[in-house]
Amino acid sequence: MPRISYRCSDVDLMAIMMRAEGEGLQGMLYVGNVIVNRVKASCLDFKDLRTIPQVIFHVQGGNYSFEAVQKGNVFYQRARSAEKRLAKQNLDYWRQHPGKYALWYFNPYAPCPPTWYDQPFAGQFKNHCFYEPKPGTCESVYTG
């Protein structure tokens, strides 16, 4: 059973986003973890997000949540079959540290800070730092 309900158009959109944000195939999978985790999250800034498009085009503080959407580079290239396959893996089952329970990631262009918006550091992959919700604040991220 998939981690969340999705349509073919969700796979395509998520794959485009993963390609725009990720650092290689592994990095794309971690970005995919964050996207799916945000759909699953019923907490914090993600209470009302229940679909892939809602997550990808989510606005926080007057800006899109993802830099690739803010800058428009999410739309520069179409998703290839490799990215679609990775997106489907994320949607169906794939979760791995440091993105396994992460709701946030960013590239600080410096060492990863120990917290991000008061949330604990989960780990780093290449230039991206990943952050999980504090214990007890978002249990839905830790299930399925």
**OP:** State the number of residues belonging to segment 17-30 that are touching a residue at least 60 places away in the same chain (Cβ under 8 Å), among the aliphatic types (A, V, I, L, M) and either buried (at least 23 other Cβ atoms within 10 Å of the Cβ) or not in a helix (DSSP H, G or I) (or both).
**Re:** 1
Original post:
For segment 36-43, does any single residue satisfy the condition of being part of a helix (DSSP H, G or I), at pLDDT 95 or above, among the β-branched types (Val, Ile, Thr) and in contact with a helix residue (DSSP H, G or I) (Cβ under 9 Å, 6 or more places away or on another chain)?
Top reply: yes
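Step by step: first the residues of segment 58-108, then only those that are acidic (Asp, Glu) and either under 15 Å from GLY32 (Cβ atoms) or in contact with a Cys (Cβ under 6 Å, 6 or more places away or on another chain) (or both), then the one that is surrounded by the fewest Cβ atoms within 10 Å (Cβ to Cβ). Which residue is that?
In the first step, residues of segment 58-108 are kept if they are acidic (Asp, Glu); the result is 67, 83, 92.
So of that shortlist, the ones also either under 15 Å from GLY32 (Cβ atoms) or in contact with a Cys (Cβ under 6 Å, 6 or more places away or on another chain) (or both) come out as 83, 92.
Details: GLU83: 24, ASP92: 13.
Result: ASP92.
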**OP:** For residues that are open to solvent by less than 50 Å² (accessible area, probe 1.4 Å) and basic (Lys, Arg), tally how many sit in segment 38-57.
**Re:** 2
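The values are calculated or read from the model by the stated rules, or taken from the named source; none is laboratory data. What you see is a predicted model; the values in this text were computed from it and never measured. Methodologically, a virtual Cβ is constructed for each residue, glycine included, from the backbone with ideal geometry; neighbour enumeration extends over all protein chains shown. When the accessible area is computed, the model is the full protein with side chains, heavy atoms only, and any ligands, DNA or RNA have been set aside. Shrake-Rupley method; radii C 1.70, N 1.55, O 1.52, S 1.80 Å.
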